[in-house]
Structures are given as C-alpha cells and as structure tokens.
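Worksheet: one structure, shown below.
The values are calculated or read from the model by the stated rules, or taken from the named source; none is laboratory data. Keep in mind it's a predicted model, so treat the numbers as computed, not measured. Because the Cβ atoms are built from the backbone with ideal geometry, glycine has one as well, and the counts that use them run over all protein chains shown.
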C-alpha cells in the first residue's frame, strides 16, 4: 500500500506527465528559407501559448537533418512562471539570431528531421507530443542519404504549416495533392495519432496545439 501511494505521488509530482511537448521543423532549403519571418511568428505564438512544465524545440530541415546539431534551441520550461518567462525570452533571442543569418540548404531531409523529432519528444515523456513541420513538403535527398525505410511516430501528432505550392504544382495540381497524400499515409503508417494541415495561419493558429 505504501509503495502504491508513493508511486501515485511520484506520478502526480512529475510535471511532465500531463504536459505537452512540441518539436518544430523549419525548412531552410532553397528559396523556402525566405519564409523564416513567418516561421518566427509561429514560434512566438508557441512560446506565448505553452505553459510552465511544457517542452519545446526548434530544428532546421536541411541536407541531412538526423542530427542534434540541427536543433536551434530546446527547453523544458520551469514550473515556476517567472523562470519559464525568462526561458522563453532566451529561446526567442536564439531564434531571432538564427533568422538573421539563415542560409538556404541544397537538399531537404524531412524524414531525418521527423526521426530526430520523435526521439526528442519521447525523451520528454510529455502527455501530448506534436511535431510541427514548416515546409512545402518537397523532400529532396542528397547522394548517399538513405530514408526509404519505415519510421516510428507512435503517439505523436503531425501538423504541417505553410505548404506552399511549387511552380510544377501550379501546372499540375495533382502533384501537390499527391505529395500531401503520400506524407499523410506515411506518418499514419508510422503510428502518428493525427495529421493536420494549416495554411491559413492568420485564423487557425490555435489548431497547431489543438486548442478548441
């Protein structure tokens, strides 16, 4: 009985058990790097909305994204509100510094970013885990980069933002629709709990964190 009570108290005292964690992937390939101003607004929204005890990380998608060096900033907010506010200011400063010097990469390894993101989210042990992808979802892999294998996204929500249309999409919209369908199918097979696309950022920002 004492052991059971201790376990219950331990579970309740762990601020992360019912918290949420967000891992945001920012596409920095080619001309999409010019969209960084929009990405910064989304990051600021997340910082303002997440609570003490929540976790957040922002990483860039580039030629090969399965590495911690691509994580621009990450933090688990202190349960003390004043400390959490200070952490959010520091986080914002890192993102602003990155935005001022971002350079477009040659390739777009979205899959590698998803794998890295899943690792981070699982380590947080958060109750709600979300990967946010800010990209046109056109994956282009450099020579020698292998990503054609099943990935694991069990228990993770996937939200894609600002999926701009390529020039070829304008000529044949079926390419755009097929690209999104392929990604949705892949992440659902990987165990993702949800797939949502948000392009109207002005009116639907709350959907990123599933706030109703």
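The table that follows gives values for the structure above.
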{"quantity": "Meets criteria (at pLDDT below 95, surrounded by fewer than 14 Cβ atoms within 10 Å (Cβ to Cβ) and either within 16 Å of the chain's Cα centre (by Cα) or not in a helix (DSSP H, G or I) (or both)) for residue 148", "calculated": "yes"}
{"quantity": "Test result for residue 212, farther than 17 Å from residue 22 by Cα, modelled with pLDDT of 95 or more and surrounded by fewer than 17 Cβ atoms within 10 Å (Cβ to Cβ)", "calculated": "no"}
{"quantity": "Members of segment 63-99 that are in a helix (DSSP H, G or I), within 22 Å of residue 34 (Cα to Cα) and in contact with a helix residue (DSSP H, G or I) (Cβ under 9 Å, 6 or more places away or on another chain)", "calculated": "70, 91, 92, 95, 96, 98, 99"}
{"quantity": "Residue that is nearest to residue 32 (Cα to Cα), among those in segment 151-182 that are in contact with a strand residue (DSSP E or B) (Cβ under 9 Å, 6 or more places away or on another chain), part of a loop (DSSP other than H, G, I, E, B) and modelled with pLDDT of 95 or more", "calculated": "153"}
{"quantity": "Positions within segment 116-144 being in contact (Cβ under 8 Å) with a residue 40 or more places away in the chain, at negative phi and surrounded by fewer than 17 Cβ atoms within 10 Å (Cβ to Cβ), in sequence order", "calculated": "127, 140, 142"}
{"quantity": "Residues of segment 1-43 that turn out to be modelled with pLDDT of 90 or more, more than 18 Å from residue 101 (Cα to Cα) and in a helix (DSSP H, G or I), as a count", "calculated": "1"}
{"quantity": "Residue among 58, 75, 102 that is closer than 23 Å to residue 206 by Cβ, surrounded by fewer than 22 Cβ atoms within 10 Å (Cβ to Cβ) and either at pLDDT 95 or above or more than 13 Å from the chain's Cα centre (by Cα) (or both)", "calculated": "75"}
{"quantity": "Test: residue 104 is within 17 Å of residue 50 (Cα to Cα) and touching a residue at least 60 places away in the same chain (Cβ under 8 Å)", "calculated": "no"}
{"quantity": "Failed item in (1) assigned to a helix (DSSP H, G or I); (2) touching a residue at least 60 places away in the same chain (Cβ under 8 Å), with residue 111 passing the rest", "calculated": "(2)"}
{"quantity": "Some residue of segment 183-203 being under 25 Å from residue 77 (Cβ atoms), in contact (Cβ under 8 Å) with a residue 24 or more places away in the chain and part of a helix (DSSP H, G or I)", "calculated": "yes"}
{"quantity": "Enumeration of residues in segment 47-62 that are touching a helix residue (DSSP H, G or I) at 6+ places or on another chain (Cβ under 7 Å) and assigned to a helix (DSSP H, G or I)", "calculated": "47, 49"}
{"quantity": "Residues of segment 165-202 satisfying the condition of being closer than 19 Å to residue 40 by Cβ and more than 17 Å from the chain's Cα centre (by Cα)", "calculated": "200, 202"}
